[in-house]
Each structure stands twice: as structure tokens, then as C-alpha cells.
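Novice: Mind looking over this structure? Questions follow.
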Amino acid sequence: MTDQLKQELLAVALEAARRTGALLRDGRPADLGVAATKTSPIDVVTEMDVAAEKLITDFLAERRPDDGVLGEEGANTAGSSGVRWVIDPIDGTVNYLYGLPSWAVSIAAELDGETIVGVVEAPMRAETYHAVAGGGAFRNGERTRVRPTPPFEQALVGTGFGYLTERRAAQAEVLRALLPRVRDIRRGGSAAIDLCDVACGRLDAYYERGLNPWDLAAGELIAREAGALTGGRPGAPADGNLTLAAVPGLFEPLQRRLEELGAWHD
Ligand code: LIP
């Protein structure tokens, strides 16, 4: 695979994310409401999620017509080029619905199943995070890296919760056991931003059970390229069972603790 392809895909992703972020920031209706729900009454979709995914898929069809696309709001085409785009038009939809600032546009490109480009656009932070495989991680075009490793009990750990009652109850039990053992917990509401916060040193670690590919694809690459270790259960990749990103030296003990606490099941 050539660096030229990575740079081409990065340029497409950056422009798609920029355009979508501007639409979402500047075009948010004052009376924005819930257009539909998915896995539960609190798993919501707004008209802007749908409009944002359409903007991205139309742009990709124009610039990269032979690529596949997988999107949170239903986009799902195989393509013929070996490149597949994995997109979350609004990661942090509930925050966006309520007018809270922590939401992002997440766009990743896979080549033969491996994520090689990731872009996370956070308009309300005026920050754009990006990475290409092997090329490092960047925030607003400046190189970014994880924090130095803290003692376990001084780690600032991000997490999130699912939309199903049974899962949330199980996640609360894991949190109850972990909270007294670390510096503190942060629950921002956007996996993509949480992963980028690990990348740029605002969190020491982030874990969550139940993420979809579009939640984590771009942010995981950015975190990894910034020096974090990423994965899921011991020996497993980051996936819907468990996603973990942490600074080296903290990753393994936190992964062991999460395994002991059963953070990988409901
Ligand atoms: C969100 C994730 C977040 C999780 C939320 C939700 P969405 O994705 O980014 O980490 O805690 O429950 O799943 O639904 O806003 O695209």
C-alpha cells in the first residue's frame, strides 16, 4: 500500500469531516428533537444524524465511488476497491440533542479490513484529530502524544454506558468497584472524543463495553498512533465486548482489573 493512497484517503476524510462538522455546528435546529429510536427509547436518532451521514456518503460517492461504506445510520455498501469507510456522523448524539458540546464526526478508512486513516472532528472544541497508520497522531495539525504513565491509583479514566437497562446496571457495578481504585472517572458521552483525549493526554485511559465499529474505528487509530496501547479483553482486539485504550504501563493492569470485574459481559 502506498503512502500516496493514505494521503489521498486522509484528504478525503478531512474534507468530509470539515463539511459535516460545519453543517452540524451551524445548522443545528433550535427545536431539535428525536426523529427515531433504535435499540431502546434512549438510543436516539435526530434529523441531523441522518443529514450528516447523507452528506458524508454523497461526498464519498463523488470522490471515491468504488469504495465501500458502513455508517451508523444505515449506510452499508461493499465497494470493489478494498477500501471501506466506517463513519459515525454524530458520535455523542445525546450530547448533540441536548446542546452539550462533546460530540464529534468520526470517519475512518479501512484497507482490506485494517484501519489506515482516522479523522475525528470536534467542532465545539475547534479541534480536528487525525492519524494515518504508521504516521503518528495529530491535533489541529500538531503532533500529539499520550501522557506519561501514572500510578494506577492516580489514573484519570474515561468510560461510557450503553442504552440497554441490563447493560447499564452491569456497567454501574464495574464502575462501583473501579472508582475507589483510580484518581477519578470521566464520562464524556462520545467514544471518539474519549479516545482522542487519551491520544492528546487529557485522559490516562478509556474503556467501554458495547461500542459499534463506527464509534471506535477512527479514535482507536488516533490513540494508538499517539502512543497508547489499545485492545479489548486479553488477547482480543477492541470490539463490542470491550474497548480499552491506555498509556503503556497502565494498559495491562487496567485490562486485568476489567477482566476480573467482568467488564466484558452484561
Ligand atoms: C455513543 C458513544 C459513547 C457511549 C454512548 C453512545 P453514539 O455513541 O460514543 O461512548 O457511551 O452511549 O453509544 O450513539 O452517540 O453514536
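Novice: Does E62 count as more than 15 Å from the chain's Cα centre (by Cα), within 13 Å of the ligand (Cβ to nearest atom) and of a type in the set (D, E, K, R)?
Specialist: Taking the combined requirement at face value, the residue does not satisfy it.
Novice: Starting from segment 253-266, take each residue that is under 15 Å from T243 (Cβ atoms) and list its partners that are assigned to a loop (DSSP other than H, G, I, E, B) and of a type in the set (S, T, N, Q), counting only C-beta distances under 7 angstrom and pairs at least six apart or across chains.
Specialist: What qualifies is W264/N241.
Novice: Tally time: how many residues in segment 1-17 are surrounded by 16 or more Cβ atoms within 10 Å (Cβ to Cβ) and in contact (Cβ under 8 Å) with a residue 12 or more places away in the chain?
Specialist: The qualifying residues number 9.
This table checks each residue for (1) touching a strand residue (DSSP E or B) at 6+ places or on another chain (Cβ under 7 Å); (2) assigned by TED's automatic domain parsing to the domain that holds Y96.
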| residue | (1), (2) |
| --- | --- |
| T115 | yes, yes |
| E121 | yes, yes |
| E127 | yes, yes |
| G134 | no, yes |
| L156 | yes, no |
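Novice: Ok, one more. Looking at A172, A236, A223, can you tell me which residue is at pLDDT 95 or above, outside the structural domain of M124 (by TED's automatic domain parsing) and within 14 Å of the chain's Cα centre (by Cα)?
Specialist: Going through A172, A236, A223 in turn, the sole match is A223.
Novice: Same structure, new question: Mind checking whether some residue in segment 1-8 is under 18 Å from the mean Cα position of the chain (by Cα) and modelled with pLDDT of 95 or more?
Specialist: No; the residues of segment 1-8 include none that is under 18 Å from the mean Cα position of the chain (by Cα) and modelled with pLDDT of 95 or more.
Novice: Taking the stated definitions as given, is S80 of a type in the set (S, T, N, Q) and away from the ligand (no atom under 13 Å from the Cβ)?
Specialist: When the stated conditions are applied, S80 passes them.
Novice: Here's something else I'd like to know. Just checking, does segment 25-32 include any residue being free of Cβ contacts under 8 Å to residues at least 40 places away in the same chain, over 23 Å from A133 (Cβ atoms), assigned to a helix (DSSP H, G or I) and of a type outside the set (S, T, N, Q)?
Specialist: There is at least one residue in segment 25-32 that is free of Cβ contacts under 8 Å to residues at least 40 places away in the same chain, over 23 Å from A133 (Cβ atoms), assigned to a helix (DSSP H, G or I) and of a type outside the set (S, T, N, Q).
Novice: Within segment 41-68, track down each residue that is in contact with a helix residue (DSSP H, G or I) (Cβ under 9 Å, 6 or more places away or on another chain), in a strand (DSSP E or B) and either among the aromatic types (F, W, Y) or farther than 30 Å from R168 by Cα (or both).
Specialist: Residues satisfying the conditions do not exist here.
Novice: Which residues, counting only those in segment 47-59, are more than 16 Å from P101 (Cβ to Cβ) and surrounded by 13 or more Cβ atoms within 10 Å (Cβ to Cβ)?
Specialist: Matches in segment 47-59: E47, D49, V50, A51, A52, E53, K54, L55, I56, T57, F59.
Matching residues to (1) of a type in the set (F, W, Y); (2) within 14 Å of A137 (Cβ to Cβ); (3) in contact with a helix residue (DSSP H, G or I) (Cβ under 6 Å, 6 or more places away or on another chain):
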{"position": "A172", "(1), (2), (3)": "no, no, no"}
{"position": "I185", "(1), (2), (3)": "no, no, yes"}
{"position": "I222", "(1), (2), (3)": "no, yes, yes"}
{"position": "G227", "(1), (2), (3)": "no, yes, no"}
{"position": "A236", "(1), (2), (3)": "no, no, no"}
{"position": "G240", "(1), (2), (3)": "no, no, no"}
{"position": "A245", "(1), (2), (3)": "no, yes, yes"}
{"position": "F251", "(1), (2), (3)": "yes, no, no"}
{"position": "Q255", "(1), (2), (3)": "no, no, no"}
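Novice: Would you point out which residue out of G79, G74 is in a loop (DSSP other than H, G, I, E, B) and under 19 Å from the mean Cα position of the chain (by Cα)?
Specialist: From the options G79, G74, the qualifying one is G74.
Novice: Please verify whether segment 60-81 includes one or more residues that are surrounded by 22 or more Cβ atoms within 10 Å (Cβ to Cβ) and of a type in the set (A, V, I, L, M).
Specialist: Yes; the residues of segment 60-81 include at least one that is surrounded by 22 or more Cβ atoms within 10 Å (Cβ to Cβ) and of a type in the set (A, V, I, L, M).
Novice: Of all residues in segment 229-266, count the ones that are in a loop (DSSP other than H, G, I, E, B), out of contact with any Pro (no Cβ under 9 Å at 6 or more places or on another chain) and not basic (K, R).
Specialist: Qualifying residue count, segment 229-266: 14.
Novice: Right, here's the next one. Within segment 22-40, work out how many residues are within 16 Å of E73 (Cβ to Cβ), of a type outside the set (G, A, S) and over 21 Å from the mean Cα position of the chain (by Cα).
Specialist: Going through segment 22-40 one residue at a time, the tally reaches 2.
The values are calculated or read from the model by the stated rules, or taken from the named source; none is laboratory data. The structure displayed is predicted, hence computed values, not measured ones. Cβ: placed from backbone, ideal geometry, glycine included. Neighbour counts: every protein chain shown.
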